[in-house]
Amino acid sequence: MCGIVGAVAQRDVAEILVEGLRRLEYRGYDSAGVAVIQNGELSRTRRLGKVQELSSALDEAPLAGGTGIAHTRWATHGEPSERNAHPHVSEGDIAVVHNGIIENHNKLREKLKGLGYVFASDTDTEVICHLVHHELKTADNLLTAVQATVKQLEGAYGTVVIDRRDSERMVVARSGSPLVIGFGLGENFVASDQLALLPVTRSFAFLEEGDVAEVTRREVNIYDVNCNPVKREVKESEVTHDAGDKGEYRHYMLKEIYEQPTAIAHTLEGRIAGGKVLDSAFGENAAEFLKDIKHVQIIACGTSYHAGMAARYWLEDWAGVSCNVEIASEFRYRKSHLFPNSLLVTISQSGETADTLAALRLAKDMGYKATLTICNSAGSSLVRESDMAYMMKAGAEIGVASTKAFTVQLAGLLMLTTAIGRHNGMSEEMQAAITQSLQSMPAKVEQALGLDDAIAELAEDFADKHHALFLGRGDQYPIAMEGALKLKEISYIHAEAYASGELKHGPLALIDADMPVIVVAPNNELLEKLKSNVEEVRARGGLMYVFADKDAEFESDDTMKVIPVPHCDEFMAPLIYTIPLQLLSYHVALIKGTDVDQPRNLAKSVTVE
Ligand code: F6R
């Protein structure tokens, strides 16, 4: 989704800003722009399309100046176009970039038109820059003008404002859309994600909800929602992965699929000892929070929701607690009832998904015993606002389609299952079996990656297909759902997942030779049931691709291609069967020629509702 970069420096900043935008490209966007203050005047360049278009335009007509802001836009109000691209400008004086949605923009627009302002775009953002311009007629300075402006805004914003008449300052404000200040030597920066600023600094302070900050070359002054001066902790970034580097891989997605053994090893590091998962994996005081838990409510979106769906089977089966899993956008607008001793678990790669964050805030008001987030982004809103955090340590995930974050979430959730289970009487043998399984996961994933060539060949069969069905049972049903989501989001093939017991309740009607059916079939207690479902498809002329344990006794024939998956235990099976499905979607997308890392219409971090 939209990305923001801003800088106040002695040197020219346009290149720094554009490099920052490049590092945010993975979030998904449709246009890009930059504005700098050059000799007391605002200069702005915007382009529809990729950051490269903007960069080429700047090569032809460079912008000089030490104070500037830049943005990648993911359209919400107004079509993707140059006139709707940020930065937006008021009267040639004020320039603004903004992430989020201003919900009362229509009302503000009418008011501002009444005051004589002429709108040059269809965006909600433009009201911010005219409002700041208007407020500056009576305010003492840019800071107080922005403080007066944000009081009038309803909705979500992360915004940065510059004024050509006050050329060594930017004012930034956050409510519902993350912003981080980057501290340099004699220069300071702001961005919506620290990744954008890693080439210029590693010292960051995350703004809190309602904060407004004034940033100059030498100083950063932060004020809370009541305009009182506050300090926000400055931390050295631990982000080690360089977002700019695809290495030997053709796409970030493929790189991230192959990084899974390392990412899983990282997430386990220092968290298992003596056959037990350490409570400290979930943060300070976790033992206290986890000890009386009898019910778990999981909230997430998309791929992260699928990880939660799998964990429900484990928590109920092995940890002995009841568990509900719900999509965040549904949970937040539904009246739900609180079970005694309930733990709320949010799962999120980015830690900034708007619906998940809103659901967490709602749950806190409802009185959950504790809140835990399973999250990949240190310093993100979910981490800061939860009682406990399991930091995934998967490294930056750049491909819009989530891969390594999903398998690391599964590993984290399996650890949570044993931690909660231990407080509910899970035997030492069971804990030891699960932790042993966790520790052998990296090597087993490595083996599963060995299927890559076979899957690349198989993907050819999907070149002319428009639909696909994924089937699984038990904790493999969410894996089938994840497989279907991956295929649809990067290859644009319509894909559905069913718990295979549901086949005869409707979807069997779809089966014919044009509907490939992908089946995940580990050797577990549901195998025989699954085999009956496979026969139901075969009897109706369906063509199947079965990812099966070698002992599951499936054989390839005219109606079925069997792909043997390395044998694995029941604890790791969902994670291992995910790998071939990720590879399948990747290779089908390659054949279809889609934009694998930035599929159309999608964004990486969904910071609007
Ligand atoms: C799919 C995908 C999305 C995200 C979803 C939640 O590949 O990446 O479905 O899983 O937008 O995002 P996070 O995990 O950042 O909350």
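The values are calculated or read from the model by the stated rules, or taken from the named source; none is laboratory data. Not measured: the values here are computed from a predicted model. Neighbour counts are summed over all protein chains in view; Cβ atoms, including those assigned to glycine, are modelled from backbone coordinates with ideal geometry. Note: accessible area is taken over every heavy atom of the protein model, side chains too, but ligands, DNA and RNA are not part of it. Shrake-Rupley method; radii C 1.70, N 1.55, O 1.52, S 1.80 Å.
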Computed from the beta carbon distance with a Förster radius of 56 Å, FRET efficiency for Ser203 and Thr559 to the nearest 0.05 stands at 0.40
Reduced to Cα centres, the span from the stretch 495-550 to the stretch 48-127 in Å works out to 50
Here D for the stretch 18-165, in µm²/s, from Stokes-Einstein with a Kirkwood Rh over Cα pairs at 4 °C and 1.567 mPa s, works out to 84
Simple spin-label estimate for Asp245/Glu233, 7 Å along Cα→Cβ, in nm, reads 2.8
Against the 2.2 N^0.38 Å rule of thumb, the C-alpha Rg of the stretch 411-466 sits at a ratio of 1.77
Contact order relative to length for the chain, counting C-alpha pairs under 8 Å separated by 6 or more residues, stands in percent at 12
If unit charges are put on Cβ atoms (+1 for Lys and Arg, -1 for Asp and Glu) and the dipole of the stretch 367-500 is taken about its Cα centre, the option from Pro478, Ser500, Met415 lying farthest towards the positive end turns out to be Met415
Carbon plus sulfur, as percent of the 1.4 Å-probe accessible area of the chain, comes to 47
Of the DSSP H helices in the chain, the ones reaching 30 Å or more along their long axis in Cα terms and averaging at least -1.0 in Kyte-Doolittle hydropathy are 428-449
Using the Kirkwood radius over Cα pairs of the chain, the Stokes-Einstein translational diffusion coefficient at 10 °C and 1.306 mPa s, in µm²/s and rounded to a whole number, is 63
Rounded to whole Å², per residue accessible area for the chain with a 1.4 Å probe reads 38
With R₀ set to 60 angstrom, the calculated FRET efficiency between the beta-carbons of Asn424 and Arg11, to the nearest 0.05, is 0.55
Charge dipole of the stretch 382-526 built from unit charges on the beta carbon (Lys, Arg +1; Asp, Glu -1), centred at mean Cα; most positive-end Cα among Ser491, His467, Gln439 is Gln439
Of all chymotrypsin sites (Phe, Trp or Tyr not before Pro) in the stretch 56-161, the ones in DSSP coil with at most 16 other Cβ atoms within 10 Å are Phe119
Low-density loop trypsin sites (Lys or Arg not before Pro), the stretch 206-289, at most 11 other Cβ within 10 Å, DSSP non-H/G/I/E/B, are Arg218, Lys231
D (µm²/s, integer) via Stokes-Einstein for the stretch 402-541, Kirkwood Rh across alpha-carbon pairs, 37 °C, 0.692 mPa s: value 192
Expressed to one decimal in nm², the mean projection of the alpha carbon convex hull of the stretch 154-259 is 8.9
So, for the Cα atoms of the stretch 350-455, Rg and Dmax in Å stand at 16.4, 51
So Ser336 and Asp453, fully extended at 0.36 nm per residue minus their Cα-Cα distance, gain in nm 37.4 nm
Here the relative contact order (percent) of the stretch 331-441, from C-alpha pairs under 8 Å and at least 6 apart, is 19
Ordered by number, the chymotrypsin sites (Phe, Trp or Tyr not before Pro) in the stretch 306-375 that occupy a DSSP loop and have at most 16 other Cβ atoms within 10 Å are Tyr333
In vacuo Debye sum over C-alpha of the stretch 274-327, base-10 log of normalised intensity I(q)/I(0) at q = 0.16, 0.22, 0.23, 0.26 Å⁻¹, listed in q order, is -0.56, -0.96, -1.01, -1.09
Measuring from its Cα centre, the stretch 337-485 shows a charge dipole (+1 at each Lys and Arg Cβ, -1 at each Asp and Glu Cβ) which, in debye to the nearest 20, is 720
Plugging the Cβ-Cβ distance of Asn39 and Asp317 into 1/(1 + (r/R0)^6) at R0 = 51 Å yields, to the nearest 0.05, a FRET efficiency of 0.15
Answer in debye to the nearest 20: the dipole magnitude of the chain about its Cα centre, from +1 Lys/Arg and -1 Asp/Glu charges placed on Cβ, is 1280
Relative contact order as a percentage, the stretch 486-557, C-alpha pairs under 8 Å and 6+ apart, gives 34
If the chain between Ile591 and Tyr492 were fully extended at 0.36 nm per residue, the gain over the current Cα-Cα distance would be 34.5 nm
